[in-house]
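Please read the structure below before turning to the comments.
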Amino acid sequence: MKYYELSTLKHESLVTEELLELYVKSIVCTILSKSGVQRNRMLQILSNDPRFLDLEVSAKFNAHHIMVNKMTAEHIITADECKRFEEFLSDHHKVLGVGGESLLERGVREHNVLSISKLYCNIYFSELGRLLNVDENRAEKVRG
């Protein structure tokens, strides 16, 4: 939230590129945060920002646009989309936590489980594993 607040400041010492960089950092922090009401609220704020449309046509930040768009619309994020976004993360964002997952992997898994739950009333663990890009045994243990 603080990165976003700073990105909206109008000050002569801040140039447009610096404000955009702060806006992009707010996107990264939001995507890496734990799923819930606060993240959903922040995703709505980010996607309603006028700069959000500029990210779609940007070669550098298109992956950010796709991630926010899919999270806001509650669509399943593919492994390829996740990898494209991961290319822009710093090393400290890629550190593995408990369970051997990075923050991005955890956040996308949580998002995808919630998205899948809106599509399916019943699902085989093998199909859930395929959608989450994990094996059937891991899918059975997944929590949203």
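The values are calculated or read from the model by the stated rules, or taken from the named source; none is laboratory data. What you see is a predicted model; the values in this text were computed from it and never measured. Don't worry about glycine lacking a Cβ; one is built from the backbone with ideal geometry, like all the others, and counts go over all protein chains shown. We work out accessible area using only protein heavy atoms, side chains counted, and drop any ligands, DNA or RNA first. Shrake-Rupley method; radii C 1.70, N 1.55, O 1.52, S 1.80 Å.
The orientation-averaged projected area of the convex hull spanned by the Cα atoms of segment 42-93 comes to 3.9 nm².
So with the 1.4 Å probe, I'd like the accessible area per residue for the chain, rounded to whole Å².
On the way: 9100 Å² over 144 residues.
For the chain, the per-residue accessible area is 63 Å².
Using the membrane-span-like helix rule (whole DSSP H runs, Cα extent along the own axis of at least 18 Å, mean Kyte-Doolittle hydropathy at least 0.0), which helices of the chain qualify?
Working: long enough: 16-32 (24 Å, 1.01); 103-119 (24 Å, -0.03).
What comes out of the filter, once short or polar helices are dropped, is 16-32.
Computed about the Cα centre, the dipole magnitude for the chain is approximately 440 debye when only Lys and Arg (+1) and Asp and Glu (-1) carry charge, each at its Cβ. Relative contact order, percent, of the chain when contacts are C-alpha pairs under 8 Å separated by at least 6 residues? With pairs under 8 Å counted, the relative contact order is 17 percent. For segment 1-141, the fraction of C-alpha pairs farther apart than 27 angstrom is 23 percent. Between V113, V37, V68, the residue with the greatest mean-square fluctuation in the GNM of the chain (Cα pairs under 10 Å linked by springs) is V37.
Ordering F85, I123, G107 by Cα displacement along the dipole of segment 76-144 toward the positive end leaves I123 in first place; charges were set at the Cβ atoms of Lys, Arg (+1) and Asp, Glu (-1). Hey, in the GNM for the chain with a 10 angstrom Cα cutoff, which one of R130, R39, R106 fluctuates hardest? Sorting by GNM fluctuation, first place goes to R130. The simple spin-label model puts a point 7 Å past each Cα toward its Cβ; for E81 and Q44 those points are separated by 2.0 nm. For the chain, modelled as a GNM whose springs connect Cα atoms under 10 angstrom apart, the maximal fluctuation among C82, C121, C29 occurs at C121.
Using every pair of separate Cα atoms, the Kirkwood estimate puts the hydrodynamic radius of segment 10-77 at 12.5 angstrom.
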